[in-house]
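The structure appears right after this line, and notes come after that.
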Amino acid sequence: MVANIGFGTLLITLIVALYGIAAAIYGQKSQHERWVNSARQAMALMFPLLTVPVLSLLYLLVTHQYQVAYVSEVTSRSMPFYLKLTALWGGQSGSLVFWSWLLAAFATAITLRDWGRDREFLPWVIIVILVTLLFFLSLNVFFENPFSRYWQTSTGIVQAFARPEGAVPFVPRDGQGLNPLLRHPGMIFHPPLLYLGFVSFIIPYAFAVAALVTGRTDDRWIRLTRRWTLWAWLFLSLGLILGARWAYDVLGWGGYWGWDPVEISAFMPWLTGTAFLHSVMIQEKKDMFKRWNLVLIILTFDLVVFGTFLTRSGVLSSVHAFAQSAIGPLFFVFIALTFGISLGLLLSRWKDLESKNELHSLFSREALFLLNNLLFLGIFVTTLWGILFPLISEIVTGQKVTVGPPFYERATGPLFAGLLLLMGIAPLTAWTYSSLKKWGRAVWKPLVFSMLTFPALYIAGITGWQGVLGFWLVGFVFAVTAYEFWRGAAARIKAHGENVFTAFYSLVKKNRRRYGGYIVHMGVIFMALGVIGIEMRQVETQGTIPEGGSLSLKEYSITYKDLVSFDTHDGRNVTRAVVGVTRSGEELAEIYPRRDYFYDANQPMTIPGVKSTLAGDLYVILVDWREISEAGATFKIYYNPLVNWLWIGGWVFIVGILVAAWPENELDRVQKVSSPLIKRKR
Amino acid sequence: MKNHIHLGIWVFLVLLVLVMLYPSRGFAQEPTPPDDEVNAIAKQLYCPVCENTPLDACRTSACEQWRGLIREKLQQGWTEEEIKVYFVAEYGDRVLAEPPKRGFNWLVYLVPPLAFLAGAYALYRGFTKWRISRSPSRPDSREVPEDEVGIEKEYISRVEKELENR
């Protein structure tokens, strides 16, 4: 019954979406406003309508309706309640419904805005969003039905939504349970945020297409979607950071980022999206690079779909899996069509999109922004090539190859370093034209400050050129960013007599976009500190020690104290070691690395024991253990220097985006708009 | 001086590409306990089943057997290179963390830097074209707003632009 309601509403949503597209097209063609309004109402219905199948599926998941194949595949009786809820996005068909539901939320939200001055965009925004939604809904309705059920027929058990003739329902006694790797609190937030990031980039894309079709190619579409883009970026960034944290906590290999194609497929739209965020500033300030911004947003949209395609089609494991997957070729066609049509539209407006201004100097803020875009795109091309090459090799030579972390680290490392350097140079460079003299006057103080990193590195014993360069860059960009804050605050103190705190507060409040951006830069610096620390200075050792025995790494030593094994009420067998940590002989902590074995999924999971400080993490994994009589266990120890700065930086980064993206209250806006004008009239 | 700036930017770009081609750091050959020796080799290998998980971190029994095999070969006095060659002969190039640098595989290494250089060249060409077409008058250099007055000026121009767009 509930499954019928769920699927029925899914089908109705698909039909309403189809109607909305048709009504928008007709309304636009015939210039009948009421048809466009009708399409708008159809789009407004998307979220409430899709909430029904989502709630139906959640109900089925938490009430153990194992006749429904999806429920049986991703839940089991022993799983805790919250994991049964998160199982909504724990499998293919559920995550596609969830994707559509989030997009529907944005679709509905966008209909509610005041369209007064941008009426001409409306039908095209509706068409773009609803076509995308229609595509994802049709995947669920025709190929990946989350409400499909098991039936017992004379030939065996089959999976179908409608009862096959002569079949009786088949209800498994228990489900197979969620993939153990997904049974982690990080998994509650990571996929939804990533998906939110994905779907919210569709909004600026829809406006970009609307601008291209209507010929309103000024920066209106960018201004309208600036905040949406920032929120999209926030969600995607948060999704990536939480994903990294989850990998660090759950995957048990001492790292946070493995350059896995699934990770990369979420990282690619972030790269182009970040390039877009920077490059739109030039269009707003200087009315330049209009074409380039459109290229970037089209690319970001298609990378969002491409990312979903990569992870959902099976193409990453083999081209053969792609051929066997029902939805793989459809994704391919959708991406090719949207990319082709968008580029076609862009070319048709090519002349209208000519820049009004010209780039005057290579040494200007806008030129450096272009260089920033080149670096982001360089990283993007490298990562895209890295995940595509194994498939190309398989097609051309018949041989699969692995393109692993060493390739990505070597190829993208210098580009990331280049980006860091630009973060230090660009904020001090003027728009239009900078002279070396003036730039030098602005940069010398932070540059001198950054020189302090050299003795600090010498004392810390860091001598390799890559490490020295990396840490110096971090120091330099930190100094520049802090100096920018200080310059602004000092000016306020001088002009208004404010105290330091008020000066900082009102500085950020008055220009939240700029200073929010600097806070983001500060977050990136901290993150870079963590990345450089772990990538260049991580050390590890592994050894088997008897109970009471010790294993050392650097100045740390672990002592194997005890090992216990027990069953939990949620269907796990936990083997937990008790390990003492000392540093230079001084007792520091007791940690508990463990191995969880999930009975339902027949899979183990390694959870590290971590002693965490700002200087670094001692990360201990229980690799193996012998029977008690032999009394020995194998531990792997990693020392991950500075890794916590990665997470701290992540939060600072998020705060920065929030500062820049948070809606201004009306009073602030009025004050901002009126005060300079009033002063000017005097 | 502009020529110097151009030259500086080109040197920066070429250096970036050179650094991209610089070989990654090798593994330390310090005396280590046997597990560490096994892991140092296992880290560079990928089993065909557990995609994208290096052998030293993979917890499946198949990978455990592979690590056992590495240990065995080490005990027999095989070198790191010999062991890697053995695994490649048995299971193909995909066991290596990176495609071996030969034949078709060269593409994986050459495309990113070439694409980057092509992008840089396109940017440079675009820039010179812009400069040729621009008006002869030299733009006024404008400093980053250094004080509150500067910030206010920025607001005025932005507000005016906002109003124009309305």
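The values are calculated or read from the model by the stated rules, or taken from the named source; none is laboratory data. Keep in mind it's a predicted model, so treat the numbers as computed, not measured. Please note: Cβ atoms are built from the backbone with ideal geometry, for glycine as well, and neighbour counts cover all protein chains shown.
Test A:L50 against the stated conditions and say whether it is more than 24 Å from A:D570 (Cα to Cα) and surrounded by fewer than 23 Cβ atoms within 10 Å (Cβ to Cβ). Outline the logic, then answer.
Values: more than 24 Å from A:D570 (Cα to Cα): yes; surrounded by fewer than 23 Cβ atoms within 10 Å (Cβ to Cβ): no.
Answer is no for this residue.
Using the structure shown, decide if A:L452 is among the aliphatic types (A, V, I, L, M) and surrounded by fewer than 21 Cβ atoms within 10 Å (Cβ to Cβ). It is true that A:L452 is among the aliphatic types (A, V, I, L, M) and surrounded by fewer than 21 Cβ atoms within 10 Å (Cβ to Cβ).
Out of all the residues in region A:377-404, which are of a type outside the set (V, I, T), more than 9 Å from chain B (Cβ to nearest Cβ) and either crowded, with 23+ Cβ neighbours inside 10 Å or touching a helix residue (DSSP H, G or I) at 6+ places or on another chain (Cβ under 7 Å) (or both)? First the steps, then the outcome.
Here is the first cut: in region A:377-404, the residues of a type outside the set (V, I, T) are A:377-378, A:380, A:384-386, A:388-391, A:393-394, A:398-400, A:404.
Next, only the ones that are more than 9 Å from chain B (Cβ to nearest Cβ) stay: A:380, A:384, A:388, A:391, A:394, A:398.
Passing the criteria: A:F380, A:L384, A:L391, A:E394.
Annotation for region A:333-344: at least one member residue is more than 15 Å from A:G215 (Cα to Cα), surrounded by 15 or more Cβ atoms within 10 Å (Cβ to Cβ), at pLDDT 90 or above and of a type outside the set (A, V, I, L, M, F, W, C).
So if I check each of A:F339, A:F363, which one is within 8 Å of chain B (Cβ to nearest Cβ) and either in a loop (DSSP other than H, G, I, E, B) or in contact with an Asp or Glu (Cβ under 7 Å, 6 or more places away or on another chain) (or both)?
Numbers: A:F339 fails: within 8 Å of chain B (Cβ to nearest Cβ).
Being within 8 Å of chain B (Cβ to nearest Cβ) and either in a loop (DSSP other than H, G, I, E, B) or in contact with an Asp or Glu (Cβ under 7 Å, 6 or more places away or on another chain) (or both) holds for just one of A:F339, A:F363, which is A:F363.
For a quick check of your reading of the model, give me the residue pairs whose first member lies in region A:406-429 and is more than 10 Å from every other protein chain (Cβ to nearest Cβ), whose second is β-branched (V, I, T), with beta-carbon atoms closer than 6 Å and at least 6 apart or on different chains. Pairs found: A:L420/A:V477; A:M423/A:V477; A:G424/A:V477; A:G424/A:V480.
Among the residues that make up region A:8-30, is at least one of them more than 28 Å from A:V131 (Cα to Cα) and assigned by TED's automatic domain parsing to the domain that holds A:R173? The answer is no; no qualifying residue exists. For region A:467-490, the count of residues that are touching a Leu at 6+ places or on another chain (Cβ under 6 Å), at pLDDT 90 or above and surrounded by fewer than 17 Cβ atoms within 10 Å (Cβ to Cβ) is at least one.
Table: residues versus (1) within 18 Å of A:A107 (Cα to Cα); (2) in contact with a helix residue (DSSP H, G or I) (Cβ under 6 Å, 6 or more places away or on another chain).
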{"residue": "A:F121", "(1), (2)": "yes, yes"}
{"residue": "A:V128", "(1), (2)": "yes, yes"}
{"residue": "A:L137", "(1), (2)": "yes, yes"}
{"residue": "A:P146", "(1), (2)": "no, yes"}
{"residue": "A:I157", "(1), (2)": "no, no"}
{"residue": "A:P164", "(1), (2)": "no, no"}
{"residue": "A:V171", "(1), (2)": "no, no"}
{"residue": "A:G175", "(1), (2)": "no, yes"}
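Among the residues of region A:247-280, what is the count of those that are within 22 Å of A:W221 (Cβ to Cβ) and either within 16 Å of the chain's Cα centre (by Cα) or surrounded by fewer than 21 Cβ atoms within 10 Å (Cβ to Cβ) (or both)? Step through it out loud before you land on a result.
Looking only at region A:247-280, we keep the residues that are within 22 Å of A:W221 (Cβ to Cβ), and these are A:269-280.
Now drop any that are not either within 16 Å of the chain's Cα centre (by Cα) or surrounded by fewer than 21 Cβ atoms within 10 Å (Cβ to Cβ) (or both), which leaves A:269-278.
Matching residues across region A:247-280 total 10.
Every listed requirement among (1) surrounded by fewer than 19 Cβ atoms within 10 Å (Cβ to Cβ); (2) outside any helix (DSSP H, G or I) is met by A:A430 save one, (1).
The set of residues from region A:24-62 being at pLDDT 95 or above and not in a helix (DSSP H, G or I) comprises just one member, A:L45.
Summed over region A:491-506, residues that are more than 12 Å from chain B (Cβ to nearest Cβ) and buried (at least 18 other Cβ atoms within 10 Å of the Cβ) total 1. In region A:254-265, the residues that are facing chain B (nearest Cβ under 7 Å) form Cβ pairs under 9 Å with partners that are in a loop (DSSP other than H, G, I, E, B) and of a type in the set (G, A, S), at six or more places apart or across chains, as follows: A:G258/A:G404; A:G258/B:A57.
I'm trying to understand the selection: among the residues of region B:53-82, which are surrounded by fewer than 18 Cβ atoms within 10 Å (Cβ to Cβ), of a type outside the set (S, T, Y) and either at the interface with another protein chain (Cβ under 10 Å from one of its Cβ atoms) or part of a loop (DSSP other than H, G, I, E, B) (or both)? B:E64, B:Q76, B:G77, B:W78, listed by residue number. For region A:459-479, the criterion of being at the interface with chain B (Cβ under 10 Å from one of its Cβ atoms) and not in a helix (DSSP H, G or I) is met by at least one residue.
Based on what the data block shows, is A:I21 assigned to a helix (DSSP H, G or I) and crowded, with 17+ Cβ neighbours inside 10 Å?
Numbers: assigned to a helix (DSSP H, G or I): yes; crowded, with 17+ Cβ neighbours inside 10 Å: yes.
Taking the combined requirement at face value, the residue satisfies it.
The number of residues in region A:60-103 that are touching a residue at least 60 places away in the same chain (Cβ under 8 Å), of a type outside the set (S, T, N, Q) and out of contact with any strand residue (DSSP E or B) (no Cβ under 9 Å at 6 or more places or on another chain) comes to 19.
Listed residues A:L370, A:L374; which is in contact (Cβ under 8 Å) with a residue 60 or more places away in the chain, closer than 14 Å to B:F116 by Cα and either facing chain B (nearest Cβ under 7 Å) or basic (K, R) (or both)? Let's see the steps before the verdict.
Values: A:L374 fails: in contact (Cβ under 8 Å) with a residue 60 or more places away in the chain.
After applying the criteria, what remains is A:L370.
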